[in-house]
Amino acid sequence: MTMKKSSKKRDSKFGFDSFNPLENKTVLLGISGGIAAYKACDIASMLRHAGADVHAVLTPNAKEFITPLSLTTITRNQAHCEQYGAQANWRPEHIDLAKKADLILIAPATADLIAKLAAGICDDLLTTMVLASPAKVMIAPAMNPVMLQHPATKHNLSILENRYRYDVIPPEYGEVACGDWGTGKMASVDTIIAAVAARLLAHLTLSTKRLLVTAGGTREPIDPVRFIGNRSSGKMGIAMADAAHGRGADVTLVSTVDVERAYPVIVVETAQEMQDAVESEFDGCDALVMTAAVADFRPLTTSNHKIKKTDSEDLVLELTKNPDIIDLLGRVKRKDQVIIGFAAESEALLSNATQKLKRKNLDVIVGNDISVPDIGFGSDDNAVIILNSDGAKESLPRMPKRAIAEHLCDLLAERFQAIEKTPVH
Ligand code: CTP
């Protein structure tokens, strides 16, 4: 292998050092037929400049918007379009390419293409290559806002999001080609490149590690109909479990949200059920990541029958404290176990998170300010601070929860490396 010469000159536009961070990575760039296809040239160019070996695959409709020749010239590799045709070799070249790709990026991904991926249809070269490849697939949807909100598209996207092989780079708000405004515009080229780079550079493995992750908000029943709950969607915990699974960890997810995954998911409802599940798994795990929003109080009694409003004018609920799961486990954790807690605060984020880190004997706490609109609860994105028990602090700007999860996986991998190097007396 010939190493590319590295000069440390910084490429100011893309933020990459010019020593090719994506060197040795093969990216298959799928392009489907939408107006955002014109941005695929920029994406291909930036990936190539970052060192990646880029191979473009266009759907027949993509050729209406952009030419294979442009992509061939920019990637310096023959762009592929035809599923059938003359081939130099007995083995179809594109199948080899599909097998060796480190990552498939589809930008733009139209509603039609997303539907095909969700259903496993492979009626053109790109969809066939996706099905023939074991690689991670990142898709950057781009379409009219009404099409994005259509129940069929939402359903198809949720199918892909629930398959751990797929990452969706969310579309943005803005003016789309037809002049409408709304969410549907493809994520910016910079956002797409950052997501791809984060995925390809997430090299620290968690194989051999057992991770216990909690997700969602507990529900404390008042009667058979009502409960005390909270706004947690479970997205952060599920992203964390998916990311760790992707790094080879043996993951168990304890969740109030039922999701189908390739790893075990224990579905619970109340804080006490979550406590039972977490306590029974904790001893065998190397790390506990407690993203769940656990109700601090539950009704002292639960009515077996629906409480009728005709019963009385006022209803007084007596509440009793729930166990603090992470606090209890923080007291008994072994030196080789790592516990990460979360703190969603509406004020004094830094001091509240610092206090919780110490009080609960955590190794790491991830704090976020819930007063910031559009991020946090229910959102796909968050912006967080990360405080370590050794005093290290960092803050991550707004980014997808999956990107935060990947960062936490790196942090865990580094912690485990440090634990393994610590002499046992
Ligand atoms: N936690 C827990 N059990 C509880 C409450 C919280 O394990 N009964 C965990 C959460 O999963 C989170 C961390 O503790 O990782 C911090 O949760 P948070 O609700 O922010 O802290 P509390 O201690 O409940 O403090 P407060 O609600 O008063 O801010």
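Using a Gaussian network for the chain with springs between C-alpha atoms less than 10 Å apart, which of these wobbles most: Leu357, Leu105, Leu319? Of Leu357, Leu105, Leu319, the Gaussian network model singles out Leu319 as fluctuating most.
Sequence-ordered 3J(HN,Hα) estimates for the range 289-296 from the Karplus curve with 6.51, -1.76 and 1.60 and θ = phi - 60° stand at 10, 9, 7, 4, 8, 8, 5, 6 Hz, glycine and proline given as x. For the chain, the relative contact order works out to 10 percent when only alpha carbon pairs closer than 8 Å and six or more residues apart are counted.
Angle of helix 189-201 to the longest C-alpha principal axis of the chain, folded into 0 to 90 degrees and rounded to 10: 70°.
The helix-based estimate of mean residue ellipticity at 222 nm for the chain, built from -39,500 (n - 2.57) per DSSP H run of four or more residues and divided by its residue count, is -9500 deg cm²/dmol to the nearest 500. For the listed residue pairs Lys358/Lys393; Lys209/Lys421; Lys335/Lys401, the alpha carbons are over 21 angstrom apart in Lys335/Lys401.
Farthest towards the positive end of the charge dipole of the chain, among the residues Leu300, Leu28, Asn388, is the Cα of Leu28, using unit charges on the Cβ of Lys, Arg, Asp and Glu. Taking the inverse of the mean reciprocal distance over all distinct Cα pairs, the Kirkwood hydrodynamic radius of the range 26-201 comes to 16.0 Å. Taken along the Cα-to-beta-carbon direction at a fixed 7 Å, the label points for Asn304 and Ala119 span 5.0 nm. Placing +1 on each Lys and Arg Cβ and -1 on each Asp and Glu Cβ, with no other charges, gives the chain a dipole about its Cα centre of roughly 1120 debye. May I ask you to derive the FRET efficiency for Thr73 and Lys393 from their Cβ-Cβ distance with R0 = 41 Å, giving the value to the nearest 0.05? The pair Thr73/Lys393 has a calculated efficiency of 0.35.
Over the range 26-201, calculate the relative contact order: mean separation of alpha carbon pairs under 8 Å at least 6 apart, over the residue count, as a percent.
Values: 353 pairs, mean separation 38.7, N = 176.
Relative contact order here is 22 percent.
In units of the rule-of-thumb radius 2.2 N^0.38 Å, the range 352-425 shows an alpha carbon radius of gyration of 1.24.
Only protein heavy atoms count here; under a 1.4 Å probe, Tyr38 has an accessible surface of about 140 Å².
For the range 210-421, the alpha-carbon coordinates run over 64, 35, 32 Å along the three principal axes, in decreasing order. To test your reading of the geometry: what angle, between 0 and 90 degrees and rounded to tens, separates the Cα axis of helix 349-359 from the longest principal axis of the chain? Result, in degrees: 60.
For the range 81-176, which GluC sites (Glu not before Pro) are in a loop by DSSP, counting at most 15 other Cβ atoms within 10 Å? Numbers along the way, then the final one.
Numbers: sites: Glu82, Glu93, Glu161, Glu172, Glu175; in loops: Glu82.
Here the GluC sites (Glu not before Pro) that fit, given the DSSP loop and packing criteria, are Glu82.
Measuring with a 1.4 angstrom probe and ignoring ligands and nucleic acids, Phe416 comes out at about 10 Å² accessible. For a label point 7 angstrom out from the Cα of Ser280 toward its Cβ, which stretches of the range 175-211 have the backbone nitrogen within less than 18 Å? In the range 175-211, the label zone of Ser280 (backbone N under 18 Å from the point 7 Å along Cα→Cβ) covers 211.
Based on DSSP, what percent of beta bridges with both residues in the chain are antiparallel, to the nearest 5?
Values: 20 of 63 bridges.
If we restrict to bridges inside the chain, about 30 percent are antiparallel.
If you take the square roots of the eigenvalues of the alpha-carbon gyration tensor of the range 126-285 and sort them as a ≥ b ≥ c, do you get rounded (a/c under 1.5), prolate (a/b over b/c) or oblate? Can you show the working numbers first?
On the way: a/c = 2.48, a/b = 1.38, b/c = 1.79.
Oblate, because a/c is 1.5 or more while a/b does not exceed b/c.
I'd like the orientation of helix 235-246 relative to the chain: the angle between its Cα long axis and the longest Cα principal axis, in ° from 0 to 90, rounded to 10. Approximately 60 degrees, to the nearest 10.
Scaled to the globular estimate 2.2 N^0.38 Å, the Cα spread of the chain, given as radius of gyration, is 1.10.
Spin-label model, Leu328 to Phe377: label points 7 Å out along the Cα-to-beta-carbon direction sit 2.5 nm apart.
Please sort by residue number the trypsin sites (Lys or Arg not before Pro) in the range 304-385 whose DSSP state is loop and whose Cβ has at most 13 other Cβ atoms within 10 Å.
Values: sites: Lys306, Lys308, Lys309, Lys321, Arg331, Lys333, Arg334, Lys335, Lys356, Lys358, Arg359, Lys360; in loops: Lys306, Lys308, Lys309, Lys333, Arg334, Lys335, Lys360.
Within the range 304-385, the qualifying trypsin sites (Lys or Arg not before Pro) (loop, at most 13 other Cβ atoms within 10 Å) are Lys306, Lys308, Lys309, Arg334, Lys335.
Estimated from the Cβ-Cβ distance and a Förster radius of 30 angstrom, the FRET efficiency linking Leu317 and Thr183 is about 0.15. Taking each residue as 0.36 nm, the span from Glu273 to Asn352 lengthens on full extension beyond its C-alpha to C-alpha distance by 25.8 nm.
The values are calculated or read from the model by the stated rules, or taken from the named source; none is laboratory data. Quick caveat, the model's predicted, so the values are computed rather than measured. Every residue, glycine among them, receives a Cβ derived from its backbone with ideal geometry; neighbour counts consider all protein chains shown. Keep in mind that these areas ignore ligands, DNA and RNA; they rest on the heavy atoms of the full protein, side chains included. Shrake-Rupley method; radii C 1.70, N 1.55, O 1.52, S 1.80 Å.
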